[in-house]
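Reviewing the structure listed below.
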Amino acid sequence: MDIDFLTSAGRGLLGLVGIIAIAFLLSSDKRRINWRTVGAGLLLQLVFAVLFLKGEDLAETFAPFGWPRAAFAWVAGLFVKFLAAVEAGATFIFGTLALSPGSEGSLGFFFFAYVLPTVIVFASLMSVLYYLGIMQWIVRGVSWVVRRALGTSGPESLSVSANIFVGQTEAPLVIKPYIKNLTRSELMAVMTGGMATIAGGVLASYVAFLGERYASVAGIAVEAGQQLFAEQLLGASVMAAPAALVLAKILIPETRPVTDSLSPEAHAAVASTASGVVPVTDAGEATLPATSSDEAQEAAVEALEDAGPKNIIDAAATGAADGMQLALNIGAMLIAFLALIAMINGIIDWSAGLFGYTMTLESILGVVLAPVAWLIGVPTADITTFGGLLGTKVIANEFVAYSQFADLLGTGVLDQKTIVMATFALCGFANLSSIGIQIGGIGPLAPERTGEIASLGLRAVLAGTLANLMTATIAGVLLG
């Protein structure tokens with residue numbers, strides 16, 4: 001049977017409809033779906049993807065159309081410069097082991113010396129940026145755009161916007177006082193935002209090792225490879241925010257007044273419970289509500305100052321310590337998961353060998369999920385490979401999947417469109433273990449809702465996975 005009866009882009013459009021159809025069929029209340037939010041979310045993703053992927057072509061028609069693409073490339077370039085700075089710090093501890101592959105004196109690629117320091121330094125940098133108030137300003141800006149465009153509530157918009165930069169347990173902290181009052185739909189949006197995105201620290205590490213592997217095969221400088229993946233991963237992260245809200249609002253539509261509709265007295269009551277976090281206003285801004293008293297504002301500010309870093313040095317040190325813990329967790333997780341996958345592959349291969357076959361977990365997942373890869377427009381030759389990566393991401397996690405993806409990049413066998421779509425599709429925390437992470441991370445912020453968080457876990461994984469597939473599909477359609 002010929003499976004190429006549609007063009008790759010044509011399959012992508014069909015896949016986009018399929019993603020929305022799956023979410024619609026599994027919706028908890030189909031009649032309450034806000035199609036304005038869905039349409040606006042799709043349009044916002046499309047506009048960003050066009051500016052990002054087609055900005056240079058548009059600039060030939062009208063130069064200002066290329067400015068957003070140039071600005072985005074500049075931000076991605078900062079990531080590359082950041083990685084060079086990380087190397088300076090890492091070589092002090094690890095010596096030549098931390099030198100980027102291909103550079104003079106490098107001994108090759110050593111994950112622990114080349115990638116994990118990136119997580120530590122980025123966590124320290126983010127802590128400093130939050131201490132200076134820079135990240136709050138950026139998150140508020142993104143939240144304002146998302147809320148106005150999609151018509152979502154302030155708390156859910158702010159949390160999902162924060163997920164572009166921080167992890168799935170850190171982002172909800174910006175709306176901590178509001179979590180216990182969120183509607184079920186808003187809670188689903190907060191959880192899906194965490195599932196559909198990745199933290200900045202691990203994003204920087206992906207830029208480091210994916211760029212290196214790609215550069216080694218493409219015959220380009222490591223910095224050029226890192227620039228390419230920095231742009232793609234940043235694009236995937238930004239597009240994932242509206243995608244997460246779209247899928248969350250289809251699966252669990254709003255059925256009662258949102259948190260923005262609380263009375264001024266209720267907002268003031270929420271504000272008075274603030275502890276270590278600045279709550280959001282109706283506009284989705286991270287500041288104390290105007291309805292609270294001057295005394296309450298002063299008390300909350302004092303509590304924030306006591307809870308946060310005392311100065312910029314303290315912020316950098318605290319961030320580095322947090323980054324070290326994350327780096328150790330990543331290292332331990334990779335050792336465990338890759339070893340377990342190797343053991344499972346050994347059992348599968350032995351069992352299949354009894355019947356004269358060669359088989360692995362990745363090949364099984366690839367066959368099972370190949371129809372999904374075909375439907376969203378992945379080049380036909382790569383659909384089983386893509387399906388295997390997607391399955392690994394959901395069953396294990398995205399770091400393991402990206403590690404396998406990096407190995408494939410090193411072989412040079414993947415189509416360029418597959419590389420872009422896989423980069424987008426894997427860019428999210430949507431996996432089974434994240435359910436436990438969110439229960440443990442969000443649950444303590446509102447203990448009375450822990451059971452509800454657990455009950456929404458599988459739906460959030462599904463929504464996050466569909467959101468990642470949606471961004472990959474849109475990128476694939478534009479690539480043709």
Taking Cα atoms, the helix 416-425 axis meets the longest principal axis of the chain at an angle in degrees (rounded to 10) of 30
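Could you list, in their original order, any pairs among Lys30/Lys180; Lys180/Lys393; Lys54/Lys81; Lys30/Lys54; Lys54/Lys176 whose Cα atoms are separated by more than 27 Å? It would help to have the intermediate numbers written out before the result.
Values: Lys30/Lys180 25 Å; Lys180/Lys393 31 Å; Lys54/Lys81 25 Å; Lys30/Lys54 35 Å; Lys54/Lys176 39 Å.
Listed pairs above 27 Å: Lys180/Lys393; Lys30/Lys54; Lys54/Lys176.
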Ordered by fewest other Cβ atoms within 10 Å, a rough proxy for footprinting exposure, Lys310, Lys176, Lys249 read Lys310, Lys176, Lys249
Ordering 225-233, 321-329 by per-residue average of other C-beta atoms within 10 angstrom, highest first, gives 225-233, 321-329
In degrees, nearest 10, the alpha-carbon axis of helix 432-442 is tilted away from the dominant principal axis of the alpha carbons of the chain by 20
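How high is the FRET efficiency between Leu14 and Ile347 when r is their beta carbon distance and R₀ equals 30 Å, given to the nearest 0.05? Spell out each step's value before the answer.
Details: r = 37 Å, r/R0 = 1.24.
Working from the Cβ atoms, E equals 0.20.
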Going fewest to most other Cβ atoms within 10 Å around each Cβ, Thr358, Thr318, Thr450, Thr473 line up as Thr358, Thr450, Thr318, Thr473
Quick calc, segment 8-479, dipole around Cα centre from Cβ unit charges on Lys, Arg (+) and Asp, Glu (-), nearest 20 debye, gives 1240
Between the Cα axis of helix 457-479 and the main Cα principal axis of the chain, the angle (0 to 90°, nearest 10) is 60
Dividing the helical contributions, -39500 (n - 2.57) per DSSP H run of n ≥ 4, by the residues of the chain yields a 222 nm value, nearest 500 deg cm²/dmol, of -23500 deg cm²/dmol
Footprinting proxy, Trp137, Trp374: sorted fewest to most Cβ within 10 Å, the residues are Trp137, Trp374
Expressed as a whole-number percentage, the relative contact order of the chain with C-alpha contacts under 8 angstrom and at least six residues apart is 24
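Tally Lys/Arg at +1 and Asp/Glu at -1 over every other residue whose Cβ is under 11 Å from the Cβ of Gly201; what's the total? Can you show the working numbers first?
Details: positive: none; negative: Glu170, Asp322.
Every neighbour counted, the sum reads -2.
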When the charge dipole of the chain is computed with +1 at the Cβ of Lys and Arg and -1 at the Cβ of Asp and Glu, the Cα pointing farthest to the positive end, of Leu16, Ala406, Gly356, is that of Leu16
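Given the peptides 60-69, 165-174, arrange them by the average over their residues of other C-beta atoms within 10 Å, most packed first. Write down the numbers at each step before the final one.
On the way: 60-69: 12.9, 165-174: 22.3.
Packing proxy ranking, top to bottom: 165-174, 60-69.
Given Cβ point charges of +1 (Lys, Arg) and -1 (Asp, Glu) and nothing else, what value in debye, to the nearest 20, does the dipole of segment 361-470 about its Cα centre take?
On the way: 4 positive and 7 negative charges, 34 e Å.
Dipole about the Cα centre, nearest 20: 160 debye.
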By the mean-Cβ-within-10 Å protection proxy, highest first, 455-468, 420-433 rank as 420-433, 455-468
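Read-outs throughout are calculated quantities, based only on the coordinates presented, and are distinct from any laboratory measurement. Fair warning: this is a prediction, and the values are worked out from it, not measured in the lab. Cβ coordinates were reconstructed from backbone atoms using ideal geometry, including for glycine residues, and neighbour counts include every protein chain displayed.
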